[in-house]
Structure formats: structure tokens, C-alpha cells
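No value in this document is a laboratory result; all are computed from the given coordinates. Every value quoted in this text rests on a predicted model; they were computed, and no experiment measured them. Here Cβ is always computed from backbone atoms with ideal geometry, including for glycine, and neighbour counts include all displayed protein chains.
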Amino acid sequence: MTDPVLSVQGLTVEIPGRRGILRPVDDVSFDIAAGEILGVVGESGAGKSMTGNAVIGLLDPPARISAGQVMLKGEPIHTTKGDAIRRIRGKRMGMIFQDPLTSLNPLLTIGDQLTETILQHLDVSEPEARRRAMTALDDVGIPAVEDRIDSYPHQFSGGMRQRVVIALALCAEPEVVIADEPTTALDVSVQAQVLALLKRLCREKGLAVMLITHDMGVIAETADRVAVMYAGRMAELGPVRDVVTVAHHPYTAGLMASTPDASRGEARLRQIPGSMPRLGNLPAGCPFHPRCDRVGEKCRHDPRPDLSVDGGRAACWFPLTEKAET
Amino acid sequence: MLAFTIRRVGQSILVLLVTGFVAFSMFTYVGDPIDNMLGQERTQADIERLRDQLGLDQPFFVQYWNFLKEAAQGNFGLSYRQGRPVGEILVERLPATLELAFVSGLMALIGGIGLGIFTAIRKSGALSSSIMALSLIGVSLPTFLIGVLLIYIFAVELGWLPSFGRGQVVDLGFWTTGFLTVSGLKALILPAITLGLYQMTLIMRLVRTEMLEVLRTDYIRFARARGLRERAINFRHALKNTLVPVITVTGLQLGSIIAFAIITETVFQWPGVGLLFINAIQFVDIPVMAAYLMMISVMFVGINLIVDLLYFAIDPRLRVDRSAAKGH
């Protein structure tokens with residue numbers, strides 16, 4: 001593998017609270033190469049979005065990075081502040097938000113929002129910025145760009161708006177894109193289009209994409225590698241094909257089993273028993289053990305495992321190594 | 001847009017008719033103007049004659065109808081007290097009130113929006129906390145008390161500013177203005193602060209709340225994630241969205257500045273229409289009261305209309321969508 005564009009090592013986010021310090025992200029490490037999509041998956045509250053926000057430096061205080069590194073092309077950016085990080089945001093790292101209905105300023109035309117961003121980061125004239133804005137819209141598949149560039153966000157449908165959001169995130173030609181649940185708010189049919197678009201742009205422009213989602217189906221379709229998060233920690237990391245074929249971590253296996261699959265023809269959707277523990281109240285040992293069907297003594301008492309116990313693949317003492325029966 | 005404007009104007013006229021009716025019907029209970037107009041040595045015959053002359057012996061609806069008929073032609077009758085046409089008196093008094101309202105309105109708008117933005121952006125600073133605390137005084141102290149306090153400090157104790165009147169005015173023929181002389185400007189300061197302080201603190205608190213709300217929205221987060229400058233985010237993205245709801249309240253507040261001027265004008269003996277109205281009430285000068293109330297309602301209704309039209313200018317979502325080619 002070539003040198004990663006984005007490299008996150010041991011990233012830990014802390015929120016000081018009245019009852020002690022919470023760690024919504026705890027010792028998370030991953031790399032993303034150019035032209036690669038890393039899917040980050042997990043239940044609500046697993047720390048996926050928090051990881052994304054930490055990488056781009058948009059944590060809401062009092063949350064802060066307390067340990068670890070974020071490297072962009074070998075250059076540490078987790079300590080960068082103020083104007084310097086502002087110049088990285090948008091210019092070198094773009095972010096796509098979940099809800100296209102609320103991510104665009106309703107009172108400015110999409111052309112204004114695009115040219116504003118381009119002028120902020122690139123040293124170009126105003127007509128040139130507008131020309132680039134049109135190219136950016138064209139790139140994401142907005143038809144009749146000439147007519148639409150001076151439209152307001154409310155004049156677009158949800159799927160089109162998400163395309164505009166993607167154009168906005170990419171208009172200053174960043175190297176890394178963090179897509180935080182980019183399709184969750186969209187219709188299923190539009191979802192597939194937007195994911196295909198994201199995949200195409202990633203390949204064409206050599207972007208490093210961090211795709212945050214709770215939908216295992218989205219990951220299987222779009223991502224090259226997958227990072228499964230549970231309670232702020234990495235549960236499993238590996239190439240999508242391998243993970244989908246044989247999930248090593250019981251949590252990943254559970255997630256996969258609870259994805260609807262018409263071919264299985266089951267009346268009820270499978271689910272993982274219980275729910276994710278609250279951050280202030282993590283169980284001792286492996287945080288997943290109360291919900292795990294393979295739990296052993298080691299899981300309850302030994303310090304929590306990390307990925308190294310399974311050769312860098314799964315944070316589990318007793319990883320599954322054969323395809324589970326479904 | 002045109003249809004909307006016509007409909008709104010139609011509604012406005014209806015509102016005016018109703019206000020006029022309510023106001024007019026209340027005057028029947030204020031007292032009998034005849035008592036004040038004729039001296040002690042009046043005879044029953046005098047009273048009957050005057051009553052007949054003024055049309056006060058006619059039924060209420062006839063009186064109202066006559067009032068409307070005349071008012072539509074710009075004729076509000078003669079003042080019972082001064083014996084001059086009411087329209088003339090109002091026009092003479094209006095510049096004083098409008099100048100006062102203009103200065104306090106401007107102060108309230110600029111100060112309110114400016115401080116509102118400041119306290120929203122620096123929401124945890126010591127300075128904005130003190131501004132917020134002080135603003136409570138502005139909201140909670142009654143206007144007349146502020147006026148009296150200001151007079152005590154700046155006129156009585158310090159002797160810097162006059163405590164009453166308009167100072168030297170310049171007559172421009174159609175308008176008398178206090179803006180052109182030093183004493184006129186000095187006389188304007190205290191009443192303008194008194195009248196505008198409440199509105200200013202109100203607008204400030206409103207702008208702050210709205211702005212904090214807007215700064216939490218996704219599109220501001222997204223603007224931040226695109227690396228836009230703080231200044232662009234605050235003033236280009238956030239402020240415009242803040243102003244939409246602020247305009248409504250501000251518009252109504254500007255209307256009430258003119259209405260509230262009654263109290264301020266009384267405290268400072270400011271020779272405007274508010275003071276005229278108070279004097280008219282004491283004398284049961286019905287034509288003056290009626291004309292004043294009609295004038296205030298015309299202003300309120302007019303401001304409301306302007307506010308509605310301003311929405312269209314600011315918010316594209318309300319504009320008629322001609323290029324309505326919806327995406328898919």
C-alpha cells in the first residue's frame with residue numbers, strides 16, 4: 001500500500017463531565033490511502049461521528065483530543081488551531097453532513113455558497129470561481145448547471161441537495177473527505193445514486209474517503225475497508241470482502257446478521273440482544289461481553305482487548321474464524 | 001406578489017375601520033366635552049345649541065359615519081379646545097414626534113442589533129455578561145421612571161442637558177426641525193434614550209437568542225467545515241438568517257415607539273402629538289383624540305405591511321418560484 005493520505009493513530013477524545021471524564025473515542029487508529037474508501041460503522045453512540053469531527057478539528061468544547069495523532073500526508077494536524085486549521089478545512093479536508101435539507105444556507109444561492117468557498121481557498125478571480133463552481137456542480141451530476149447555479153437550496157430535491165453538498169465539500173479540491181452518514185436522510189433509491197457518485201469521485205480524484213454510517217449494507221456496497229466501532233473503540237478493522245465473508249468480532253457478525261436480507265426469508269429481523277452501554281458506565285473487561293454469545297471468563301476479567309489480539313483484525317479474545325451459520 | 005399586496009392592503013383598510021369604530025365608541029364614555037367648552041355661566045339653551053352644532057345629539061352610528069366620511073377627505077373637524085382644524089394641529093405637532101421616534105428607533109436598531117450580535121458571538125465573555133445583566137434593567141424599568149432618572153442625573157445634578165422641551169427649532173415651512181441647532185440636538189438626547197432604551201434591550205435580547213439558535217444549525221457547522229472565515233460565517237451566513245424573525249418584532253416595536261411616545265413626551269414636555277393627545281383627553285377633545293388614534297393605527301398597519309413585504313426581499317423561499325423546475 002502507498003503512503004496513507006490520512007493516518008489516525010491512537011486517537012482519544014475526552015469530555016470532562018460532572019461524574020468524571022467520558023471517552024467517546026478511545027484509542028482509535030486507522031489509515032486511509034488515496035482513492036480508498038474506509039467505511040466506519042457502528043450503532044448510534046459508538047463514536048463514529050465524534051471520530052470524524054475530531055479528525056477535521058470540529059469537536060464542540062468541552063470535548064477535546066486528549067491523546068493520539070491525526071496525520072495528513074505525514075503532517076500532524078491534531079494540534080493545529082485557529083487560522084491554520086481553518087485553511088486545512090475545506091481546502092485539504094472536506095466534510096459532508098447527514099442532512100442535506102439543513103446543511104445548506106437557505107438564504108444564499110448555491111452558486112454563492114460555492115464561489116464563496118472557492119474564493120476562500122483558491123487564488124482565483126471571481127469569474128473563474130464561478131466557472132469552477134459550475135464544473136463542481138457538473139461533476140456531481142446536477143443537470144442544466146447554467147440554469148440551476150443561481151437557484152436557492154429549497155428549489156432542489158433532497159437527493160439533488162446532497163449532490164450540492166458534495167460539490168461544496170469538494171469544490172476546493174481536498175485530499176480527504178469525511179462523509180458523516182451522507183445517505184441516511186435520503187430515499188433508498190437516491191441513496192444508491194449518491195453512493196455511486198461518491199465512489200466515482202473517490203476513484204477519479206484520488207480522494208481518501210472516510211464514510212461514516214450505521215448501515216452495513218452501505219459499507220458492503222461502497223467501502224474498500226471497514227472499521228467497526230463499539231463504545232468508542234475499534235472492534236474490527238479489515239478489507240470489506242474479508243469482513244463480510246467472515247466477521248471475526250461477534251459484534252460485527254451481529255451487525256451483519258441484523259441487516260435485512262430477503263434471500264434469508266426470515267419473518268423477524270435478527271438483533272443483537274441488549275444495547276450499547278452508556279459511556280459513563282462501561283463494563284469491566286471487553287465492553288461487548290454482556291451482549292456477546294461467545295463470552296468467556298477472560299472477557300469479563302482481563303483488560304479490554306485491542307486489535308492486536310487477533311493479528312490486527314478484531315479486538316476479541318475468541319474471534320470467529322469460520323463463517324457463522326446464518 | 002401583486003395579488004398579495006392588494007389583499008394585504010384590503011385587510012389593512014378593514015383593520016382601520018374596526019380600530020376607528022372601537023376608538024370612537026370609547027369616546028362616548030370619556031366625558032361630555034360641552035362641560036369644558038362652556039364656562040360656569042352656561043344656560044340649558046347654550047348647551048342644546050352647541051350640542052346641535054357639534055352633532056353630538058345625533059345617534060352614535062351617525063356620528064361615526066360622518067366622522068369617516070369627513071376623515072376620508074382628510075378633514076378631521078375642528079378641535080373643541082383650540083377651535084382650529086385638527087389636521088392642521090397634527091401636522092404642526094407631528095415633526096417633533098417623528099424626529100424623536102426616528103432618533104430612538106435608529107438608536108434601538110443599531111444598538112440592539114450590534115449588541116445582540118456581540119453578546120451572541122462572545123457569549124461567555126465578561127463584557128457580554130454585564131451587557132446582558134444591564135439589559136434586564138432596560139426591559140424591566142418603566143419608561144417614565146427611566147425618564148425621571150435621566151432628568152435627575154443629567155439635567156438636575158450634572159446640568160448637562162435640558163430637562164424639557166425641544167430647544168431651538170428651525171422652521172422649514174412644512175416641517176420644524178430640532179436637528180439643525182445645538183440646543184435642539186441636546187434636547188433630543190434624553191427623550192430619545194428614554195424612548196429607545198426598552199426597544200433597544202428588547203431587540204438586543206431577541207437578536208442574541210436568534211443568533212445563538214442560528215449558530216447551532218447544520219449549515220453553520222457546514223460553513224465552518226468548509227473553512228470559511230469566522231467573520232463570513234457570523235455576518236454573511238448567520239446574521240441574515242437571524243434577521244428574518246427579528247424584522248417582525250422590530251417592525252412592531254418601531255410602531256410602538258410612536259405610540260409609547262405619549263409617556264416620554266409627557267415626562268419631557270415634548271411638544272409632539274403624544275402630548276397633544278394627553279391634553280386632548282383632559283379636555284375631552286374628541287376630534288383630536290379620534291384623529292390621533294386613526295393616525296397611530298394607520299402607522300401600525302403601514303409598518304406591518306412593510307414588514308410583510310420585507311420578508312419577500314430577505315427570504316427567497318417565500319418568493320414566487322418562476323423557474324420552478326424541481327430537481328428530482
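A:THR245 to A:SER308: FRET efficiency via 1/(1 + (r/R0)^6), r the Cβ-Cβ distance, R0 30 Å, to the nearest 0.05?
0.85
Kindly state, as a whole number, the per residue volume in cubic angstrom of the convex hull around the alpha carbon atoms of chain B.
Normalising the Cα hull of chain B by residue number yields 193 Å³.
Any aspartates and glutamates with Cα under 20 Å of the B:LYS186 Cα? List them, leaving off those in the same chain fewer than 8 positions away.
Counting by Cα, and skipping residues close in sequence, B:LYS186 has these aspartates and glutamates nearby: B:GLU99, B:GLU157, B:ASP171, B:GLU265.
Using r as the Cβ-Cβ distance of A:ARG268 and A:HIS214, and R0 as 30 Å, what FRET efficiency do you calculate, to the nearest 0.05? Before the final figure, lay out each step's value.
Details: r = 20 Å, r/R0 = 0.66.
Taking R0 as 30 Å, the efficiency between A:ARG268 and A:HIS214 is 0.95.
Between A:ILE178 and residues 5 or more places away or on another chain, which pairs have amide H atoms under 5 Å apart, with H built 1.01 Å from N, and which residues are they?
A:GLY94, A:MET95, A:ILE96, A:MET210
Would you list A:ARG18, B:ARG226 from fewest to most Cβ contacts within 10 Å? Intermediate results must be reported in sequence, preceding the final value.
On the way: A:ARG18 5, B:ARG226 26.
The fewest-first ordering by Cβ neighbours comes to A:ARG18, B:ARG226.
Report, by chain and number, residues whose modeled amide H sits under 5 Å from the one on A:LEU6, excluding near sequence neighbours (fewer than 5 apart, same chain).
A:ILE32, A:LYS73
How large is the convex hull of the C-alpha atoms of the stretch A:207-307 per residue, in Å³? All intermediate terms of the calculation are to be shown ahead of the outcome.
Details: hull volume 12.0 nm³, N = 101.
Each residue corresponds to 119 Å³ of Cα convex hull volume.
Taking neighbour Cβ counts within 10 Å as the exposure measure, how do B:LEU309, B:LEU161 sort from fewest upward?
Ranking B:LEU309, B:LEU161 by Cβ neighbours within 10 Å, fewest first, gives B:LEU309, B:LEU161.
What is the gain in length, in nm to one decimal, between B:THR209 and B:ILE306 on full extension, counting 0.36 nm per residue of separation less the C-alpha to C-alpha distance?
Contour length minus Cα-Cα distance gives 32.5 nm.
Using Cα atoms only, what is the angle between the long axis of helix A:126-139 and the major principal axis of chain A, expressed in degrees (0 to 90) to the nearest 10?
Compared with the principal axis, the helix lies near 50 degrees.
Give the relative contact order (percent, whole number) for chain B; include only Cα pairs under 8 Å separated by 6+ residues.
26 percent
Once the Cα atoms of the protein assembly as shown are picked out, what are the Rg and Dmax in Å?
In Å, with Rg to one decimal and Dmax whole: 35.0, 118.
List the lysines whose Cα lies under 28 Å from the Cα of A:LYS73, skipping any in the same chain that are fewer than 8 positions away.
Correct list for A:LYS73: A:LYS48, A:LYS81, A:LYS91, A:LYS199, A:LYS205.
On a C-alpha basis, how far is the centre of the stretch A:44-113 from the centre of the stretch B:1-76 in Å? Whole number, if you could?
Value for the Cα centre distance between the two parts: 66 Å.
Most fluctuating residue of A:ALA63, A:ALA284, A:ALA172 in a GNM of chain A with Cα springs under 10 Å: which is it?
A:ALA284
Between B:LEU149 and A:LYS298, what is the spin-label point distance in nm, taking each point 7 Å from the Cα along the Cα→C-beta axis?
Inter-label distance under the simple model: 7.4 nm.
With a 10 Å cut-off between alpha carbons and a GNM built on chain B, which of B:GLN253, B:GLN44, B:GLN269 moves the most?
Highest fluctuation of the listed residues: B:GLN44.
Out of all DSSP beta bridges in the stretch A:6-261, what portion is antiparallel? Express it as a percent rounded to 5.
About 55 percent, rounded to the nearest 5.
Considering the Cα positions of the stretch B:94-275, please state its Rg to one decimal place and its Dmax as a whole number of Å.
In order Rg, Dmax, the Cα atoms of the stretch B:94-275 give 18.8, 59 Å.
Please report B:VAL170, B:VAL288 as a ranked list, fewest other C-beta atoms within 10 angstrom at the top and most at the bottom.
Taking fewest neighbouring Cβ atoms as first place, the list is B:VAL170, B:VAL288.
Evaluate the Debye formula for the stretch A:89-168 with equal point scatterers sitting on the alpha carbons, no solvent, and hand back log10 of I(q)/I(0) at q = 0.12, 0.24, 0.25 Å⁻¹, in q order, two decimals.
-0.29, -1.22, -1.32
Nearest 0.05, what FRET efficiency do B:LEU56 and B:MET132 give at R0 = 51 Å with Cβ-Cβ as r?
It comes to 0.40.
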